[in-house]
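Following: one structure in structure tokens, then a few remarks.
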Amino acid sequence: MEIKVVKDILDANERIAQRNQKLFDANNLFAVNLMSSPGAGKTSLILQTLKSLKGKIGIGVIEGDVSSSLDAEAIGREGVSVVQINTAGGCHLDANMLSIALDSVPLGDIRLLFIENVGNLICPAEFSLGEHRRVLISSIPEGDDKPFKYPLMFHTVDAVLINKIDLLPYLKFDIDAFSQTIKGMNQKVKIFPVSCTSGQGIEKWVSWLLSQMRNPV
Ligand SMILES: Nc1nc2c(ncn2[C@@H]2O[C@H](COP(=O)(O)OP(=O)(O)OP(=O)(O)O)[C@@H](O)[C@H]2O)c(=O)[nH]1
Ligand SMILES: [Mg+2]
């Protein structure tokens, strides 16, 4: 019985996610669900990506956090359209929260929408939002064992960014072994080592992102 309840919730979420995706497609908008553990660098990655793409393509951001609007304020200072969702304790965004937030997004002005999910490696993997691509940021200080501990997340993403590579001289993290483990779990995944502090590797990530969009510019 309990299992059925969970299944009903996920089915209902999937129906709303499909509706969100139809809305994105009708507006020629490409949506990216950015996920990671707390502090891995989701907001920093959006800010770095904005440096490359602002002025070339309409970008919008939806920020998901349990509480506060700090990330939305940081994005808003870049002059980009941003909406904050506070989940009030919820550990992930769901399709219905996103659907409500989309009412406040100027869809016609945006070609690329970043959805920063709540920092968590477990629940966000289970709830589709209607996004076109799912992107995970893993960071060097978290350690290279995370694919073994949170397999669903690594199975379900299109790309993994390995962030904070500027810290490699100070912390033990085997990038080759980490990459091989992920590829073994998810053959289609793209992997991008980056530093959102120095900007290293960001160009390759941005090129891949644009390559995934239809008529990006
Ligand atoms: N050394 C280093 N620090 C980084 C890098 N990227 C982000 N940080 C720092 O990591 C901390 C967290 O970065 P955020 O971008 O806020 O991470 P987040 O995933 O958005 O965090 P939450 O929204 O709280 O889950 C900040 O102090 C950043 O300055 C990086 O490439 N190298
Ligand atoms: Mg953030």
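The values are calculated or read from the model by the stated rules, or taken from the named source; none is laboratory data. The model shown is predicted, which means the values in this text are computed figures rather than measured ones. Glycine also receives a Cβ, built like all others from the backbone with ideal geometry; neighbour counts cover every protein chain displayed. The protein model used for the area step is the full one, side chains on, heavy atoms only, and it has no ligands, DNA or RNA in it. Shrake-Rupley method; radii C 1.70, N 1.55, O 1.52, S 1.80 Å.
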Where the centroid of each part is defined by its Cα atoms, how far is region 5-25 from region 113-130 in Å? 13 Å
Could you check how many percent of all C-alpha pairs in region 113-157 are farther apart than 11 Å? 70 percent
Theoretical ellipticity at 222 nm over the chain - DSSP helices of four or more residues, -39500 (n - 2.57) apiece, nearest 500: -11500 deg cm²/dmol
Please list, in chain and number order, the residues 5+ apart from Asp144 or on another chain whose amide H is under 5 Å from its amide H, with Hs placed from the backbone. Asp174
Going by amide H atoms built from the backbone, whose H comes under 5 Å of the H on Thr197, apart from near neighbours? Lys164
Which whole-angstrom value gives the distance between the alpha carbon centres of region 80-97 and region 40-79? 14 Å
Roll a 1.4 Å probe over the protein chains and send me the accessible area per residue for the chain in Å². 48 Å²
By DSSP, what percent of the beta bridges with both residues in region 11-214 are antiparallel, rounded to the nearest 5? 0 percent
Please list, ordered by chain and number, the residues whose modelled amide H lies under 5 Å from the amide H of Ser139; skip anything fewer than 5 residues away on the same chain. Asn163
Taking only pairs that are 8 or more places apart or on different chains, how many Lys pairs in region 11-214 have Cα atoms under 14 angstrom apart? 6
Any idea what the dipole of region 11-214 comes to, in debye rounded to 20, about its Cα centre with Lys/Arg Cβ at +1 and Asp/Glu Cβ at -1? 560 debye
Pop out the carbon and sulfur fraction of the accessible area of region 11-214 as a percent, whole number, probe 1.4 Å. 51 percent
Taking the square root of 5λ for each eigenvalue of the C-alpha gyration tensor of region 73-182, the equivalent ellipsoid has semi-axes, largest first and in whole angstrom, of 29, 17, 13
Label points 7 Å out from Cα along the Cβ direction at Lys56 and Gln187: separation in nm? 3.2 nm
Mean-square fluctuation maximum in Gaussian network of the chain, Cα pairs under 10 Å, restricted to Ser52, Ser207, Ser81, hits Ser207
In cubic angstrom, how much convex hull volume per residue do the alpha carbon atoms of region 11-214 span? 116 Å³
